[in-house]
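Quick notes on the structure that follows.
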Amino acid sequence: MADIARAAGEGEVVGVGADLEPGTILSAYRSGLFPMPVRRGLLAWWSPDPRAIIPLDGLRVSRSLRRSARGFEIRVDSAFDGVLEACADRHRPGAWISKDIKRAYNRLHQLGWVHSVEAWTPTGRLAGGLYGVAVDGLFAGESMFHRDSDASKVALVGLVDLLKDHGATLLDVQWATPHLVSLGAVEVSRVRYHELLADALGRSLAPVERA
């Protein structure tokens, strides 16, 4: 329980337990929460304060990244299982995606709430990607991976373009890691996040088109 006590003391964990049914998870995102295990067999519900977001007009795309982007094709939901498996690789540093999480998000994907954005090479190889939860004008990014240099960043650029095209307003990335900050992530208070969330949830968007 030390991990929970430490995180709760930092104002991040607001609950433990419950199930991972689609309705439970979607209600959590609509309330500003997301699930993540704190240790094997123990699920926690998180609400970081501050919260990291990437403003859709604030993504930092360097010249080198723009050059890299020309070498990939962006697809949506054409290899969701492959993206989830790659993100859940237990050999990755900080791996946290459990079998229960995988099953839950696969189910949400089947129901149309969770999507992958993928970067493919010209030879048809999956080079990188990300997945997350889409609810109205919110996209909550969960995890990303790459096999080729810049591939996950290119997928993020593709995601931001898609969100702009569909009228989304909020890209939640949970915590401001150095990698995400380099791409334009900023921190906002929990109060401000909930203001942005309320605005995003009030928007009716065009459906996501799958590749």
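The values are calculated or read from the model by the stated rules, or taken from the named source; none is laboratory data. Remember, it's a predicted structure, so these values are computed and weren't measured experimentally. Positions of Cβ are backbone-derived with ideal geometry, glycine not excepted, and every protein chain shown enters the neighbour counts.
Whether a residue is modelled with pLDDT of 95 or more and farther than 23 Å from MET36 by Cα was assessed, and VAL154 passes this test.
Exactly one residue among VAL173, VAL160 is more than 16 Å from SER31 (Cα to Cα), at pLDDT 95 or above, buried (at least 22 other Cβ atoms within 10 Å of the Cβ) and not aromatic (Phe, Trp, Tyr), and that residue is VAL160. Filtered by the rule that a residue be surrounded by fewer than 19 Cβ atoms within 10 Å (Cβ to Cβ) and of a type in the set (A, V, I, L, M, F, W, C), segment 77-96 gives ALA79, ALA88, ALA95, TRP96. Residues of segment 97-141 that are surrounded by fewer than 18 Cβ atoms within 10 Å (Cβ to Cβ) and among the acidic types (Asp, Glu): ASP100 alone.
Of ARG103, ARG75, all but one fail to be of a type in the set (D, E, K, R), at pLDDT 95 or above and outside any helix (DSSP H, G or I); the exception is ARG75.
Evaluation of SER189 against the conditions (1) closer than 25 Å to PRO35 by Cβ; (2) modelled with pLDDT under 95 shows that the sole unmet condition is (2). Residues that are surrounded by 15 or more Cβ atoms within 10 Å (Cβ to Cβ) and assigned to a loop (DSSP other than H, G, I, E, B) within segment 50-70 comprise PRO50, ILE54, PRO55, LEU56, LEU59, VAL61, listed in sequence order.
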